[in-house]
Amino acid sequence: MNILYTAISLVVGLMVSAFFSYAILLLLYSRFRGKSEEISHLPLELPTVTMLMAARGPAEVLLYTLDHVCEMSCPKGKLPIVVAAYEEDEETLKTCSSFRGQIRTVTVKDGVSKASALNQALSHVKSELVLLLDIDSIPDKDALQKMLPLIQNPDVSAVSGVLYPLNEAEGLLPQIFKSELNIWKGLSLAKDRLGLLVQAPGGCSLIRASSIRRIGGWDESSISEDNELTIRLWINKGRIRLAPVNFGVEAPARLDEFVKQRFRWYRGAMDVYRKHFKDLMKLDFLKKLDLSFTFLAPMFAAFLIPFMIASLIQGGFLQILLCYVVLMQLMGALMANDHVSATHRARMVLVLFPYVVLQSLICLAALLSMPLPTKVKWTGTKMSGFHVKEHRWNLHE
């Protein structure tokens, strides 16, 4: 029995070590070989791009976002806006109507999922290109100028931007989220250069409407509709590129909201992998490996705590593996924060261990919930609107 336990612990340790090694290799590649390619010239006449959003949340956050979207660098009439909202959400409907014909509002029945709302809104989109945003997504003014050249290639189905937290000053969790996004950016940059999977988050992606329709729209049975759409685009040979353009979002600042958000993300990612496992196994080895590491990342993180316990009990080679894993995580944290002050880097390193343990526990809960059915509903992180209030404070200074 002890031999079996040791063997299982060793296999788990090797899997966790391989996962973190792969991530570090990608980060190193992005640092030394993965510089963004120069953006090619825009077409003489910019195509029409429909901004598509499923809106549910604080009206002041939606108003702030729509104001910024209307200020994007785009010729008049080239950026129609379609917003899906609950028919009983009076505040959202009122906010949209205040833009006097600039926004087409699609009302959906109360209780439908976000994926269902997006599918209904998509039927009102007439352009080939869709800029997909969340209620709190604040794009750079020149976002389209940087994304459009990449999607001119007919093999490209989508272009993703880079997220960053708008509310970094609100507390420690948004600051950690910024470090995570720096890691995601490095990983995605390397994957983009290597022709691997780049995820298309629901809050910062330019997507071909024809590609969405060809694969049947958003999956209304998925709790992670953007990841699910990403993987089907990829399976159907639709490449996703990464553009050097920023989209601000509000990160959860409260621990309870953080836990809810991450549980939904991690369970959703593993559900997507399980659902499309047979199709993924038909890909070539490197793409198969990349997709497995990407969507099973929560599983590897969930294994971390059991592996730590086993290594402390049994010692020997397992402790060497544990030290290696800790070193890889420390490297990742330092690489994600190498552009900030030494004080900030030290702070991020100090919170690394408790944060990794918390993440591992959430991932473990998500993994253990896999046999249970999920209730698909329109959920989202509660927003404080901190970035909106901060903007107003700055205006009054």
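Arranged from fewest to most other beta-carbon atoms within 10 Å of their beta carbon, LYS94, LYS275 become LYS94, LYS275. Ignoring solvent entirely, what values of log10 I(q)/I(0) come out of the Debye formula for the chain at 0.13, 0.14 Å⁻¹ when each Cα is a single scatterer? Relative scattering, expressed as log10 I(q)/I(0), comes to -1.17, -1.36. Taking label positions 7 Å along the Cα-Cβ direction at both VAL340 and LYS76, the computed distance is 4.4 nm, reported to one decimal.
Would you calculate a helix-derived [θ] at 222 nm for the chain, using -39,500 (n - 2.57) for each DSSP H run of n ≥ 4 and dividing by the full residue count, to the nearest 500?
Numbers: 16 runs with 220 residues, N = 397.
Computed mean residue ellipticity for the chain: -18000 deg cm²/dmol.
Between ARG33 and GLU90, the FRET efficiency from the beta-carbon distance, with R0 = 51 Å, is close to 0.45.
In percent, what relative contact order does the chain have, based on Cα pairs under 8 Å that are 6 or more apart in sequence?
About 21 percent, as a whole number.
Springs join every pair of Cα atoms under 10 Å in this Gaussian network model of the chain, and among ASN182, ASN236, ASN227 the largest mean-square fluctuation is at ASN236. At a Förster distance of 22 Å, what's the computed FRET efficiency of ILE215 paired with MET281, Cβ-Cβ distance as r, to 0.05? Calculated transfer efficiency: 0.70. Ranking of MET331, MET299, MET281 by neighbouring Cβ atoms within 10 Å, starting from the fewest: MET281, MET331, MET299. Among CYS96, CYS323, sorting on how many other beta-carbon atoms sit within 10 Å of each Cβ, with the fewest leading, yields CYS323, CYS96. Mean-square fluctuations from a GNM of the chain, with a 10 angstrom spring cutoff on Cα atoms, peak among ASN246, ASN153, ASN337 at ASN153. Dipole magnitude for the range 67-204: computed about the Cα centre from +1 point charges on Lys and Arg Cβ and -1 point charges on Asp and Glu Cβ, it is near 560 debye.
Taking each full run of DSSP H in the chain as one helix, which ones are at least 18 Å long along their axis (Cα atoms) and have mean Kyte-Doolittle hydropathy of at least -0.5?
Helix filter hits for the chain: 2-32, 172-194, 297-314, 317-336, 352-368.
Note on the chain: dipole from Cβ charges, positive end direction compared against LEU255, PRO306, VAL106; the farthest Cα belongs to PRO306. So which of LYS114/LYS178; LYS146/LYS288; LYS114/LYS377; LYS141/LYS185; LYS78/LYS109 end up more than 18 Å apart, counting from Cα to Cα? The pairs that break the limit, which is 18 Å between Cα atoms, are LYS114/LYS178; LYS146/LYS288; LYS141/LYS185; LYS78/LYS109.
Using a Gaussian network model of the chain with C-alpha springs under 10 Å, which one of GLY268, GLY171, GLY217 is most mobile by mean-square fluctuation? Of GLY268, GLY171, GLY217, the most mobile in the Gaussian network model is GLY171.
Given 25 °C and 0.890 mPa s, compute D for the range 48-253 with the Stokes-Einstein relation, Rh being the Kirkwood radius over Cα pairs; round to the nearest whole µm²/s.
143 µm²/s
Each reported figure results from applying straightforward, stated rules to the coordinates on display, with no laboratory input. None of the values given here were measured: they were computed from a predicted structure. As a convention, Cβ positions derive from the backbone with ideal geometry for all residues, glycine included, and neighbour counts pool all protein chains shown.
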